[in-house]
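Below: one structure, written as structure tokens.
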Amino acid sequence: DTAVSQTPKYLVTQMGNDKSIKCEQNLGHDTMYWYKQDSKKFLKIMFSYNNKELIINETVPNRFSPKSPDKAHLNLHINSLELGDSAVYFCASSKGTATSGNTIYFGEGSWLTVV
Amino acid sequence: GQNIDQPTEMTATEGAIVQINCTYQTSGFNGLFWYQQHAGEAPTFLSYNVLDGLEEKGRFSSFLSRSKGYSYLLLKELQMKDSASYLCAVRDRDSSYKLIFGSGTRLLVRP
């Protein structure tokens, strides 16, 4: 029973294409996130949703658009893919945001390669 | 702004003890987390500190000094499977409580 699951795990696509990564959590958490891990292994937050509302929107190109149909799902759509978008994208969730000790649980990652 | 520093790489011997340090600068400190990440896998939660002192969990312990902006992760009785990256992350209440990660310390455990 995977707590945070994301699909696809591997994605190879050409520049200019549009692609989506889906994420679902079955932990009953209210908050979901998208993180990007680049080749230098930095994990950087991209977006965060709390109960389907956007609460964190880092400076990312507007080609990246998150969508949260309900609090258990947070999908990431990327338009006009560029070579620099190649990275591992991690979905994550937590029970809340500000409460002390809210641990973030990560999905297994989606390896995106743009060629 | 926020800044988190940790060593890039460390090497230790199976059965030994290793300490991975993390220093941070943030305006609204709201807790420090340690995560373990094996190559090609997701980060997994190891420990959480919000008050000064030592938190012990089996072979792993984590220490925090808020006044010094300093934490360490202590791994005892090292096993080969402990070879992984260890990520220090700080939650910042002045940035919507987002978790800011360091670049991670790659630990290699040798026989």
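Only the coordinates and a few stated rules stand behind these numbers; no lab work does. Since this is a predicted model, take the numbers as computed values, not measurements. Counting neighbours? That spans all protein chains shown, and the Cβs are built from the backbone with ideal geometry, glycine included.
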Residue among A:ASP18, A:ASP70, A:ASP30 that is over 25 Å from B:GLY102 (Cβ atoms) and in contact with a Gly (Cβ under 7 Å, 6 or more places away or on another chain)
A:ASP30
Being under 21 Å from B:VAL109 (Cβ atoms) and aliphatic (A, V, I, L, M): is that true of B:ILE4 here?
no
Quick test for you: out of A:ALA87, A:ALA3, pick the one residue that is small (Gly, Ala, Ser) and in contact with a Lys or Arg (Cβ under 6 Å, 6 or more places away or on another chain).
A:ALA87
Go through segment B:25-60 residue by residue and tally those that are part of a loop (DSSP other than H, G, I, E, B), aliphatic (A, V, I, L, M) and surrounded by 19 or more Cβ atoms within 10 Å (Cβ to Cβ).
1
Going by what's in this entry, would B:GLN79 be described as polar (S, T, N, Q) and buried (at least 19 other Cβ atoms within 10 Å of the Cβ)?
no
Between A:GLU82, A:GLU58, which is away from chain B (no Cβ under 14 Å), charged (D, E, K, R) and either within 12 Å of the chain's Cα centre (by Cα) or surrounded by fewer than 18 Cβ atoms within 10 Å (Cβ to Cβ) (or both)?
A:GLU82
How many residues are out of contact with any helix residue (DSSP H, G or I) (no Cβ under 9 Å at 6 or more places or on another chain), touching a residue at least 24 places away in the same chain (Cβ under 8 Å) and part of a strand (DSSP E or B) if we restrict to segment B:61-92?
16
Are there strands (runs of 3 or more DSSP E) fully within segment A:43-115 with at least 1 residues that are in contact with an Asp or Glu (Cβ under 6 Å, 6 or more places away or on another chain) and under 29 Å from B:ALA39 (Cβ atoms)? List them.
A:43-50, A:73-78, A:87-94, A:110-114
Kindly establish whether A:ILE104 is surrounded by 18 or more Cβ atoms within 10 Å (Cβ to Cβ) and in contact with a helix residue (DSSP H, G or I) (Cβ under 8 Å, 6 or more places away or on another chain).
no
